[in-house]
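The block underneath contains the structure these notes are about, expressed in C-alpha cells.
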Ligand SMILES: Nc1ncnc2c1ncn2[C@@H]1O[C@H](COP(=O)(O)OP(=O)(O)OP(=O)(O)O)[C@@H](O)[C@H]1O
Ligand SMILES: [Mg+2]
C-alpha cells in the first residue's frame, strides 16, 4: 500500500511517500511554503524520485497552514494530529512534543497510548518562532544555519525580549551598537525563543520524553536553551522537519486499513 503525506507550512513544504505504513519511499523538504511554488516543487521532487504519480496512491492526506491549497487531496487533517502521529512513530517514548515552525510554536502532550491529551499554540506574535530567528539572523548579519554553532561560543547570554519581535529587533541593534559580542546576542535570541516554547510546554503539563520537531529543531542552540530552561533532556526527532508530513502519510495508511477492514466485515456479514 502506498500513501502520500504533505505538509504545506508557512515557511516550507514537505512530502513523504510511505509504503505499508512503515517504509519511507521518498521524502523532501522545500524551503518555500504556502502561497509559493513550494507545494508543487515538493510534489514534483517526490514523484520524480519515486517514479510514482497521483494514481499510484491508495490514499493521501495534507496538513499545515496551506492544507486547503492542494486540489488533488480531499483529506485535510490538523497539524497537531499529524505532528503527534509522526513524532510518536519516530520516538514511541514521547510524552511532550514541542514543534517550532516558521510562524507557529506548538506544545502537545500525549498519553501513554500516544493519544493527544492537551495542546497549546502561540498567539499571533512571531516572537519565539522560526520567523523570529530569521529576522534576528538578518539583523546580526549571520547565516541562519550558523546560529546554532555560534550559540556555544557565548559566555554571558544577552537579555533579549521574548514578547515582541519588533522590540527584540531594536534591543539587538542597541546591543550591537554597545559592542556586545555576537555569540552572546545569538544565545540571548535562542533563550528568548526557548522562553516561548517552555511556557507552552509547561502549560500542557511537562512529561518525559520531551521531543522537539519542526524546522527550528535543526538549530542546536535553541535545543540547548530549551533543555537548560526545562532542566531536562530534549530529544530531537529524526526527520524533525518532516514529522507532520510523515504523520499525514501514517493517518492516510490507517484510513485505508479501516476502510479495508470495514469492507471485509461487510463481505462476511450474514445476508
Ligand atoms: N538549516 C536550518 N538551520 C536553522 N534553522 C532552520 C533551518 N532550516 C529551517 N530552519 C528554521 O525552520 C523554520 C521553518 O520550520 P518548518 O518547516 O517546521 O515551518 P512550517 O511548518 O513551514 O511553519 P508553520 O508550522 O509555522 O506553518 C524556518 O523559519 C527557520 O527558522
Ligand atoms: Mg509546521
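Overview of results
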quantity: Tensor-based shape of region 198-247 (alpha-carbon gyration tensor, a/c under 1.5 rounded, otherwise prolate or oblate); calculated: oblate
quantity: Nearest-ten-degree value, helix 243-268 long axis tilted from longest Cα axis of the chain; calculated: 20
quantity: Value at 222 nm in deg cm²/dmol, rounded to 500, when DSSP H runs of n ≥ 4 in the chain each add -39,500 (n - 2.57); calculated: -13500 deg cm²/dmol
quantity: Exposure proxy ranking, count of Cβ atoms within 10 Å, fewest first, for 85, 233, 182; calculated: 233, 182, 85
quantity: Footprinting exposure proxy for 213, 82 (fewest neighbouring C-beta atoms within 10 Å first); calculated: 82, 213
quantity: Span from the region 67-138 Cα centroid across to the region 162-195 one, whole angstrom; calculated: 25
quantity: Least to most buried among 89, 120, 68 (fewest other Cβ within 10 Å first); calculated: 68, 120, 89
quantity: Rounded, prolate or oblate (a/c below 1.5 giving rounded, otherwise prolate when a/b exceeds b/c) for region 93-236 by Cα gyration tensor; calculated: prolate
quantity: Global geometry of the chain, whether rounded, prolate or oblate, following the gyration tensor of its Cα atoms and the 1.5 cut on a/c; calculated: prolate
quantity: Helix 220-230 vs. the chain, principal-axis angle (Cα, 0 to 90°, nearest 10); calculated: 80
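The numbers here are math on the coordinates, done by the rules we state, and not lab data. No experiment lies behind these values; they were computed from the predicted model shown. When we count neighbours, we look across all protein chains shown, and the Cβ atoms used for this are built from the backbone with ideal geometry, even at glycine.
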